[in-house]
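Structure first, then comments.
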Amino acid sequence: MSDTNIASAKAGKKTGQGANGQGAPRGRIWPILLLALVLALTAVGLAVAARDQAEPVVLGILALLAVIGLLALFGGAAGVLHLGMSARRDNLLKIVADTAPGGLLITDRNNRILYSNAAYAAITGAGTPDEIRPVERAFASHPEISDAIYRISRAARDGLAWQEDVRLLRKGEGEAEPAWLRISVRNMAMAKNKSCRVWHLHDVTAESERQENVFRELQTIIDYLDHAPSGFFSADGEGRLQYLNATLAEWLGIDLARTTGGSLRLEDIVAGDGVHLLTGSKPDGGGMSSTSFDIDFIRADGSYRPVRVLHKVVFDEYGKALPSRSLVLDRRAGIGSEEIQQAAEARFSRFFNSAPIGITTLDGAGRVDMANGAFARIFEGQTISNRPLTDLVAPESRKRLREILNQARSGISGLAPVDVSIGGENGSTAKMIISQSAEHGSGDSGLIVFAIDTTEQRMLEMQFTQSQKMQAIGQLAGGVAHDFNNVLTVIIGFSDLLLVNHKPTDPSFKDIINIKQNANRAAALVRQLLAFSRRQTLRPEVIQLTDVITDLTMMLGRLLGDKVELKLVHGRDLGLVKIDLHQFEQVIVNLAVNARDAMHPDGGVLTLKTRNISREEARELDLKPMPGDDYVCVEVIDTGSGMSKEVMAKIFEPFYTTKDVGEGTGLGLATVYGIIKQTGGFIFPESEEGAGTTFRIFLPRHFRDAQEAAPKAVEEKATHKDLTGTETILLVEDEDPVRAFASRALSARGYTVLEAINGESALELVGEGNIDIDLVISDVMMPEMDGPTLLRELRKRLSGFKVIFISGYAEDAFDKNLDEKETFTFLPKPFNLKKLAETVKDVLAE
């Protein structure tokens, strides 16, 4: 019997099975087949012999016996065939198991051997069948793998699948030879709730030797990298250092043992923001990134070491970065390739000189050592080479700059940027960022300074601040203007009614005049507040500035006095503008009065010039924030004392004045600025102390389309001597005193006045339109229903009436609720008796 059948034969003796594995059931089938054949033949013979003499019953019994015999014969033959096929299948499986290259052992739950193949015997060193042992006992002579054998045996008893790779020593002719075995076990279910354990043993010595060879080759590479003349490191995607060679560790002055286990990170060895260059790699089309950087590494003593890093990162199919492979070249003078050094210097020179921000290096004394073009541009007009940086800035900024420089030299990092004033004609400013130089820590106390020109940004911030101031005061002015102007309307109006009944010789006449004059002053103040905050109600119209300024000549002559000469210089073919006529007249008057005061007491010349500005000229002027477009320019030029830069910076601020107390409100130029900006124009002042001042106003040029009518000539309206009338007027005003004054004033002149306290009462008064209304005078801002909404409702009931809106502050009610085609007249509050009567007469006469 062969070795492959040792265990099987022993098992067969115990179970009563033969070598073929079938046993007694297969031996007992042949007598059954023989008996069935004899029975069938006998029954057939007797039936033939007695077919002529026997009774039918006897023949039936003999036929039945013949059938039973034949069935038994066929059944036995089928059993023989089935048992033969099963035996062939079992023999095939057994041959496969017997000839398997790996060891195979089958044991029951009590660790008794049920089967083993020749490979198992060879691996365990069993020479005879009696020497075959289970795995626990087969390797009892190898204490070096006892722990692994214990673990896998324990797993087998617990019903677990397990695998162990063990390294054992074989007893050879010479020294012990290492061998690697892979032992695995699994439990397999059998019939009748039984189970067995299947053990596999494979010799994996060749595979392990290949791995050891790879490891030895890798160790050779690592040994080479550790002693290479260049640095090398590998870092994962989160910046943890996986490997750092001995050369780089020596450059940085750190213990190589500190670099293992991911305890060191890139930010521990890379200076500044250079770590972001290494961790920010993105894959290209080939799934990798290869870049090079010139950065600084940090040595253990805090000094910097300039290096070039050739950085390569490979990414997996999900875009995740695998550990990098980074070669580090030393960029210090005299180290590395001369070509690399020269190329690095050329790249640095291009970067340094083309940088958009100013960069300079300072020596230990704080003098400018090397500076780029952007730095020289910021300090244009000054000699910067070998000068202390503090001497380049304005005196008021030197103390703070000196403090920051001292802190940087002392090693403090993360210093906040410092804003400095440079001075010069345009009041330049800059923001400076100061850091230690790359060689800090090596005996050099030099610094690097980055300078950003913030002049334009500061100007924008000042404009924004000015805009915020105007918005705040504008909100305040708009909030009080409506109610305040109602009060002033009552004071002025009833003062006029009193003056009608008092002669100039009456003792109280002068008192009433004083009341009215001061009320008018208060009204002018409110108008200025609304004007400079751009909250007033404008009625723009297309006009020709030549006519407007010419008509102002007489009034300006009276305002300027005899010592100031007025000159007018008009450009040819002056374009049209669309502005509020009365507000523009206020702009010219305010500028003229300021010019007169600046030329006091000696007098001088005030010149008003007008000209067209084309789109190209506007671009060439480059006046921020005015866009390039077509404008009509008005210049107001005086030969007065001029203004300093400090005064120029504040002239448009509300309530700022250089005049003595009581001589000005500080709202004149603020009002001018507000009117021009609300009109959509721009104003720019130019002044120099002792050389006069020029205000240049740019108004958008208006081009008429084919359907637009020509601008009306500016002409004075005729003064009406007869201000009486007999028409019917609907007066809608929610303020009782204002309504009472207006009603009395109009009734005294013969008009029929119908009063309403709000829009709803006005609609009730009108009803279904059974009364004739010639004129509607309505407040704009009223509770529940404003004036424009009331007008829209009245148009549905009445027709042919004219409209006058009155308001102290209309805001944007006209834009929201009034049809663009609707025509009306606006009478701003406060108004006096004469202005009310004239406006009514003019509207009714149209």
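The values are calculated or read from the model by the stated rules, or taken from the named source; none is laboratory data. All of these numbers come straight from a predicted model, not from anything done at the bench. Don't worry about glycine lacking a Cβ; one is built from the backbone with ideal geometry, like all the others, and counts go over all protein chains shown. The accessibility values were calculated without ligands, DNA or RNA, using every heavy atom of the protein model including side chains. Shrake-Rupley method; radii C 1.70, N 1.55, O 1.52, S 1.80 Å.
Figures for the structure shown
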{"item": "Region 91-184: C-alpha gyration tensor shape, a/c 1.5 cut-off, then a/b vs b/c", "result": "oblate"}
{"item": "F703 - accessible surface, heavy atoms, 1.4 Å probe, Å² rounded to 10", "result": "120 Å²"}
{"item": "FRET efficiency, Q463 to T752 (Cβ-Cβ, R0 60 Å, nearest 0.05)", "result": "0.65"}
{"item": "Cα-based shape type of region 501-639, given that a ≥ b ≥ c are square roots of the gyration tensor eigenvalues and the cut on a/c is 1.5", "result": "prolate"}
{"item": "Sequence of S778, S184 when ordered by accessible area, the most exposed leading, probe 1.4 angstrom", "result": "S184, S778"}
{"item": "Dimensions (Å) - region 741-785, Cα atoms, principal axes, largest first", "result": "31, 26, 12"}
{"item": "Mean Cβ count within 10 Å, highest first, over the residues of peptides 245-256, 136-147", "result": "245-256, 136-147"}
{"item": "Nonlocal amide H pairs with S292, under 5 Å, H built at 1.01 Å", "result": "H311"}
{"item": "Net +/- balance of residues flanking A300 in space, Cβ distance below 12 Å, scoring K and R +1, D and E -1", "result": "-1"}
{"item": "Cα gyration tensor, region 258-300 - rounded (a/c under 1.5), prolate or oblate", "result": "oblate"}
{"item": "Distance between region 226-255 and region 580-654 - C-alpha centres, whole angstrom", "result": "69 Å"}
{"item": "Packing rank of 549-555, 348-354, where each peptide gets the mean count of other beta carbons within 10 Å, highest leading", "result": "549-555, 348-354"}
{"item": "Sulfur and carbon atoms: percent of accessible area, region 551-591 [1.4 Å]", "result": "50 percent"}
{"item": "Summed side-chain charge close to R265 - residues other than R265 whose Cβ falls under 9 Å, Lys, Arg +1, Asp, Glu -1", "result": "-2"}
{"item": "Rh by Kirkwood over Cα pairs, then Stokes-Einstein D for region 352-437 at 1.002 mPa s and 20 °C, µm²/s", "result": "162 µm²/s"}
